[in-house]
1. May I ask you to list the residues in segment 71-115 that are more than 19 Å from residue 145 (Cα to Cα) and in contact with a helix residue (DSSP H, G or I) (Cβ under 7 Å, 6 or more places away or on another chain)?
2. If the requirement is being more than 22 Å from residue 132 (Cβ to Cβ) and at pLDDT below 95, which of these qualifies: 63, 27?
């Protein structure tokens with residue numbers, strides 16, 4: 001058998017049985033790297049349980065509605081998985097006031113508000129205060145805009 005044929009045979013055999021002809025490091029990912037990281041990696045459950053923004057870690061990561069969320073611990077991850085509608089930030093974790101105004105913007109996850117049992121995050125304190133003063137009205141406006149802006153790119 002020629003060298004070329006021998007090489008092709010070994011490559012085909014390795015591929016068929018799950019091997020490779022070159023060493024490729026294995027990387028464990030719990031979520032595709034292409035998913036947007038929500039809340040800049042902060043734990044959405046911690047806003048409810050600790051009343052504070054708390055950084056999550058990649059080891060405890062879940063994708064929900066096209067967004068990757070990280071959690072401070074396995075307990076928070078499991079709480080989220082059991083009831084994501086309760087803990088996920090509204091509007092995919094984008095700025096709620098900007099959404100109410102008809103556009104998308106990444107928030108500062110340290111500027112937040114829980115209103116009517118929902119987590120909202122904001123890009124600035126002025127938007128947070130404006131939203132807080134009329135939470136129900138602003139939430140309805142944002143929800144209406146979210147329907148058309150959900151799949152658009154953020155500013």
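The values are calculated or read from the model by the stated rules, or taken from the named source; none is laboratory data. Predicted model only: the values in this text are computed from it and were never measured. Reconstructed Cβ throughout: ideal geometry from the backbone, glycine too, with neighbour counts over all protein chains shown.
1. Correct list: 71, 72, 76, 79, 80, 87, 109, 111, 112, 113, 114.
2. Matching residue, one of 63, 27: 27.
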